[in-house]
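Novice: First the structure, which I've put down as C-alpha cells, then a few questions once you've had a look.
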Amino acid sequence: MHNRTSQILFDYWNTVRDGRTAPQRIEIDPSALSKILSQTIILEVSDTNNLPFRIAGTTVCEFLGAEMRGRNFMELWTPSDRRKLQSTFDAALATGMPITANVSSRAFGNAIQTSEILLLPLHDHREQPTRLLGSWSQESPPTQIGIPGRVVKQHSLSALSSSWPSGTIDPPATFEATAIEPPPTLFSNMGMRIVRRERRQFGVLDGGRTD
C-alpha cells in the first residue's frame, strides 16, 4: 500500500472500524473522503465472481473509458487473474483484511499505465460482508488510457496481497467518528439507545433500580 490515495482511504476505514472486523456501510461518510472521492469505488458482494460497481468515481470511469456503475469488476480481468482475485476475496471477506493490487493496464497504442487498487470490506447490520469500499488510483503519470471508443486491451495483476499494513498507522487527526443514528425500531418511541460492546450491539432502556 504505497499510493497516497490508498493510505488516506485505509486510515479513514480503520478509524471508523474502531477495532471491529469491518465497519458497517451506513457508517461511511462520503464527505470525509472528498479529496479522493473521484478515485473511490464501491463493489457489491453478490458472490466473489460477480462484484458489480455500485459507485465508481469520475477519475476511475475516465481511466477505464466508460461509466462503470452496474458493470462486473471481475470482467475486467483475464481468467488467470480472476481466479487469483476470487481466492483472495474469499479469504479477505472472511477475515476483514484489506486487499491491495498493483495493476498494469495496456490500452490503444500499447500505452501502459500502472495503478493501485485497495479494497476494504464493509458489513451490513447483521455483520455480514456485503460491500467492498475501495480506490483505484494511478501511480504513473496520469493518462486517459480508456479514451471513449478505444477499449482498454488488458489489465494485469503485477502484485496481489491480503494483509494488514506493516507497522502502526495512526488515524489522521482530521477524521472524527460521527455518531450514526440507528434505524427506527419498534422500541424507538421508548427511548432506546444503542450500546456497542466489541462486536455486539445492545438496545438499552434506561431506568430501573438506582441503588
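Novice: Of the residues A56, A92, only one is in contact with a Pro (Cβ under 7 Å, 6 or more places away or on another chain) and closer than 27 Å to V16 by Cα; which?
Specialist: Only one candidate passes the filter, namely A92.
Novice: Ok, one more. Any idea which of S38, S46 is without any contact (Cβ under 8 Å) to a residue 12 or more places away in the chain, more than 16 Å from I99 (Cβ to Cβ) and among the polar types (S, T, N, Q)?
Specialist: Only one candidate qualifies: S46.
Novice: A follow-up question, please. Could you check M68 against (1) closer than 16 Å to H123 by Cα; (2) aliphatic (A, V, I, L, M); (3) touching a Cys at 6+ places or on another chain (Cβ under 8 Å) and say which number it fails?
Specialist: Among (1) closer than 16 Å to H123 by Cα; (2) aliphatic (A, V, I, L, M); (3) touching a Cys at 6+ places or on another chain (Cβ under 8 Å), M68 violates only (1).
Novice: Kindly indicate the residue of segment 30-48 that is open to solvent by 70 Å² or more (accessible area, probe 1.4 Å) and not hydrophobic (A, V, I, L, M, F, W, C) and also farthest from K84 (Cα to Cα) among those meeting that condition.
Specialist: Residue satisfying both the conditions and the ranking: S31.
Novice: Given (1) touching a residue at least 60 places away in the same chain (Cβ under 8 Å); (2) more than 15 Å from the chain's Cα centre (by Cα); (3) open to solvent by less than 40 Å² (accessible area, probe 1.4 Å), identify the lone condition not met by K84.
Specialist: Going through the list (1) touching a residue at least 60 places away in the same chain (Cβ under 8 Å); (2) more than 15 Å from the chain's Cα centre (by Cα); (3) open to solvent by less than 40 Å² (accessible area, probe 1.4 Å), K84 breaks only (3).
Novice: Identify the single condition in (1) surrounded by 14 or more Cβ atoms within 10 Å (Cβ to Cβ); (2) touching a residue at least 60 places away in the same chain (Cβ under 8 Å); (3) under 17 Å from W136 (Cα atoms) that E27 does not satisfy, given that it satisfies every other one.
Specialist: (3)
The values are calculated or read from the model by the stated rules, or taken from the named source; none is laboratory data. Just so you know, these numbers come straight off a predicted model, no measurement behind them. Note that each Cβ is placed from the backbone with ideal geometry, even for glycine, and that neighbours are counted across all protein chains shown. Remember, those area values only see protein heavy atoms, side chains included, never the ligands or the DNA or RNA. Shrake-Rupley method; radii C 1.70, N 1.55, O 1.52, S 1.80 Å.
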